[in-house]
1. When you look at residue 36, is it of a type outside the set (D, E, K, R) and either exposed (fewer than 15 other Cβ atoms within 10 Å of the Cβ) or free of Cβ contacts under 8 Å to residues at least 24 places away in the same chain (or both), yes or no?
2. Under 14 Å from the mean Cα position of the chain (by Cα) and either charged (D, E, K, R) or at pLDDT below 95 (or both) - does that describe any residue in region 119-130?
3. The conditions are (1) under 17 Å from residue 45 (Cα atoms); (2) modelled with pLDDT of 90 or more; (3) buried (at least 16 other Cβ atoms within 10 Å of the Cβ); (4) not aromatic (Phe, Trp, Tyr), and residue 63 fails exactly one of them. Which is it?
4. Residue 134 is checked against (1) farther than 17 Å from residue 52 by Cβ; (2) part of a strand (DSSP E or B) and fails just one. What number does that condition carry?
5. Pull up region 120-161, narrow it to residues that are touching a residue at least 12 places away in the same chain (Cβ under 8 Å) and acidic (Asp, Glu), then point me to the one that is nearest to residue 37 (Cα to Cα).
6. Take the residues of region 131-161 that are modelled with pLDDT under 90 and touching a helix residue (DSSP H, G or I) at 6+ places or on another chain (Cβ under 6 Å): which is farthest from residue 93 (Cα to Cα)?
7. Could you tell me whether region 105-118 includes any residue that is touching a residue at least 24 places away in the same chain (Cβ under 8 Å), more than 19 Å from residue 156 (Cβ to Cβ) and under 12 Å from the mean Cα position of the chain (by Cα)?
Amino acid sequence: MSKICAETSAKKQSHVKLSGVPDPQLRGILTRMSMAKQAMGIRGERVAEKWLRVHGWEIVERRFRNGRRDLDLVATRVEPDSGRTVAFVEVKTRRSADFGGPVSAVNWRKQRELSRSAKVWISRFQKAGDTFRFDVIGVILGAENVRVQHVENAFLLQAKT
């Protein structure tokens, strides 16, 4: 019996190591499952983008990469009398709210990774007067409807990362 290593936790995005799967048919099934998860994630990001635009935000970056880490969305909004607000948005998409829902998946480790990537973005693109925040948008893609939960200022930029 072949051994399949799968890591699933609230701290990390699920992934499957395929190198130890000798059966090509099983490897194909696992790849399709992974592709389906990616497609669902991309769909959730598009829903989140639309949500933000409807609420007055401009999307300035999608999937900002910093090594292996990325920021799903970087959105900006000009605030009267206070300059530009930059929101680093983590989007979590699920089919249901079981097991705590998508927002609960952004724990301290994920926050640390997002903070590191945000610091790189800030070092490259900061403008005078900018303020920064981290938002989490949970998208539930139900069979008949889509639910969005937007948590503004979900956590603070971590000083040591």
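The values are calculated or read from the model by the stated rules, or taken from the named source; none is laboratory data. Here the structure is a predicted model, which means the values were calculated and not measured. Neighbour counts run over all protein chains shown; Cβ positions are idealised from the backbone, glycine included.
1. Here the answer is yes, as residue 36 does meet what is asked.
2. Checked against the condition, which is being under 14 Å from the mean Cα position of the chain (by Cα) and either charged (D, E, K, R) or at pLDDT below 95 (or both), region 119-130 yields no hits at all.
3. (3)
4. With (1) farther than 17 Å from residue 52 by Cβ; (2) part of a strand (DSSP E or B) applied to residue 134, the lone miss is (1).
5. If we take residues in region 120-161 being touching a residue at least 12 places away in the same chain (Cβ under 8 Å) and acidic (Asp, Glu), then 135 is nearest to residue 37 (Cα to Cα).
6. If we take residues in region 131-161 being modelled with pLDDT under 90 and touching a helix residue (DSSP H, G or I) at 6+ places or on another chain (Cβ under 6 Å), then 161 is farthest from residue 93 (Cα to Cα).
7. Scanning region 105-118 turns up no residue that is touching a residue at least 24 places away in the same chain (Cβ under 8 Å), more than 19 Å from residue 156 (Cβ to Cβ) and under 12 Å from the mean Cα position of the chain (by Cα).
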